[in-house]
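*Asks:* Below are the structure tokens for one structure; questions will follow.
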Amino acid sequence: MDKSYSFQEILNFKDPNKKINSLLSQNIFPLIWTRNFKAISAAQQKKLFQSTVFVIGCGGLGGYVIELLARIGIGQLIFADGDKFEESNLNRQLGATLDNLGENKALEMEKRIKQIAPFCQTTALDFFLNKNNIIPYLERSNILIDCVGGIEIKSQLISLAKKYKKPLVIGAIAGLEGFVSSILPSSKTPLSFFQGQTKKSAENILGSPPTTVSLIATLQTQETIYYLTAKKLTLVNKILYLSLKTGFAFYNFEL
């Protein structure tokens, strides 16, 4: 990299997004992404910047996933949550602060991202999704990330992803345990993993410590990066399961 440009310099150009694509084509990273260099090539960074990711849920998993994607350089982020921050969210939800309790999670995450990733175009949906209102956003996206609790909504999301042929990265936590899995239109689903679960989310029963939440969110984000940069998902027909109960234990299960 012979030269780097600050985000303020890039914003002065007539078409900042076009300028970023031009710089990356010349193997020049904007300063905001120079620490990605080597771990991510300029070509891969360009792919990330040209991608649209749809994150469903802006709470524990979603807050971390959204921020990690913005920091790595995703060009367009869509995220949805009709819920509001409350005091019990402060232990693990990245967007929650004492100042924004009672405010919508999606709108507050959008404010946060604007202070971190000025080139990321955000669409914050401050309502709960259903099988009808989700469709326009689903169709615009390259990949979906499930960051919601409860088996019922996960099942609906899997069905929609398969129907519209969108890759989906799902994640779940329950206390000091959690898992990540990826789904393609023709792949198996990990729904059997939830057998015996009620509508009540397991995280409400076993707790939601910040360590498990941030780890699962990081794995979901990295799996998404694999797909966007190399069209490869490492966890299709698999479950990556982790337990922090007595140490660090990671298991790969075939579906």
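The values are calculated or read from the model by the stated rules, or taken from the named source; none is laboratory data. The structure presented is a predicted model; accordingly, all values stated were derived computationally and were not measured. Virtual Cβ from ideal backbone geometry, glycine too; neighbours counted across all protein chains shown.
*Asks:* Of all residues in region 202-244, which are surrounded by 15 or more Cβ atoms within 10 Å (Cβ to Cβ), within 22 Å of L255 (Cα to Cα) and at pLDDT below 95?
*Replies:* The one that is surrounded by 15 or more Cβ atoms within 10 Å (Cβ to Cβ), within 22 Å of L255 (Cα to Cα) and at pLDDT below 95: A202.
*Asks:* Which of the helices (runs of 4 or more DSSP H) contained wholly in region 1-120 include at least 3 residues that are in contact with a Cys (Cβ under 8 Å, 6 or more places away or on another chain)? Step through it out loud before you land on a result.
*Replies:* Details: elements: 7-11, 16-25, 42-49, 60-72, 105-114.
Qualifying helices (runs of 4 or more DSSP H): 60-72, 105-114.
*Asks:* Which residues, counting only those in region 143-177, are assigned to a helix (DSSP H, G or I), under 18 Å from the mean Cα position of the chain (by Cα) and of a type in the set (K, R)?
*Replies:* K154
*Asks:* Which one of these is under 26 Å from the mean Cα position of the chain (by Cα), surrounded by fewer than 21 Cβ atoms within 10 Å (Cβ to Cβ), of a type outside the set (F, W, Y) and at pLDDT below 95: N17, N12? It would help to see each step written out before you state the result.
*Replies:* Values: N12 fails: under 26 Å from the mean Cα position of the chain (by Cα).
None of the other options fit; the residue is N17.
*Asks:* Quick one: G150 ticks every box in (1) modelled with pLDDT under 95; (2) buried (at least 16 other Cβ atoms within 10 Å of the Cβ); (3) under 21 Å from F253 (Cβ atoms) except a single one, so which number is it?
*Replies:* (3)
*Asks:* Still on this structure, please answer the following. Would you be able to tell me the number of residues in region 34-85 that are at positive phi and surrounded by fewer than 24 Cβ atoms within 10 Å (Cβ to Cβ)?
*Replies:* 1
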